[in-house]
1. Quick one: 197, 13, 157, fewest Cβ neighbours within 10 Å first, how do they rank?
2. Where in region 149-192 does the label zone of residue 85 land, with the point 7 angstrom along Cα→C-beta and an amide N cut-off under 18 Å?
3. Can you put 18, 201 in order, fewest other beta carbons within 10 Å first?
4. Extent of the chain along each principal axis, from alpha carbon coordinates, in Å, largest to smallest?
5. Under a plain spin-label model, where a point goes 7 Å from the Cα along Cα-to-Cβ, how far apart in nm are residue 141 and residue 122?
6. What FRET efficiency, computed as 1/(1 + (r/R0)^6) with R0 = 41 Å and r the Cβ-Cβ distance, is obtained for residue 48 and residue 181, rounded to the nearest 0.05?
7. How do the peptides 107-115, 86-94, 179-187 rank, highest first, by the average count of neighbouring beta carbon atoms within 10 Å per residue?
8. Let me have the relative contact order for region 21-90, percent, based on Cα pairs under 8 Å that are six or more residues apart.
Ligand SMILES: [Zn+2]
């Protein structure tokens, strides 16, 4: 299972699993693309209902423990800025989530650990920092890249940029990484899938 969703979303997730004929005991790994409120909101409940280890980047450990998004960084575009301000006015600007401290369940990714391949899952963990320092994605054996929030396609994104970027230089280096991987398609956590050539199209004007 890749990420969770916002706090309070666990019951909906249970219904979706049931509808798909799955149970949480089928989850072999929980892969966390990064420790943000909309990706780790019900990680505690999920962890309580499965024995699956949690794969996360080492920088995610303290972020999960804090239970709040980091405010280092910036809104990269005007649209993102306005969207962020509206969220704040609606009382959703603190980006808190229930703190997670499940160290004994973690499989820490730092460089090139092959947690999935060792278990027979043909997927490669890809470091994609920039949106956050702990961001990572998954390259599947069929060439699909699940990029988390390293890019996004849909409102309020402009030119495939995510609405928050901690480190702009790292963010676009991660785009270089994704372009080099030459995935058949990129699946962001937010919005529709898109071609890797989109990143090539936008990278020069955005960098
Ligand atoms: Zn995020």
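1. Working: 197 10, 13 17, 157 20.
Sorted ascending by nearby Cβ count, the order is 197, 13, 157.
2. 156-158, 163-165
3. 18, 201
4. Largest to smallest, the principal-axis extents are 45, 40, 33 Å.
5. Label at residue 141, label at residue 122, 0.3 nm between them.
6. On the way: r = 35 Å, r/R0 = 0.85.
The value I calculate is 0.75.
7. On the way: 107-115: 12.9, 86-94: 11.2, 179-187: 15.7.
Put in order of decreasing packing, that is 179-187, 107-115, 86-94.
8. Working: 47 pairs, mean separation 22.3, N = 70.
About 32 percent, as a whole number.
Quick note: the coordinates plus some simple rules give every number you see, no bench work behind them. None of the values given here were measured: they were computed from a predicted structure. When we count neighbours, we look across all protein chains shown, and the Cβ atoms used for this are built from the backbone with ideal geometry, even at glycine.
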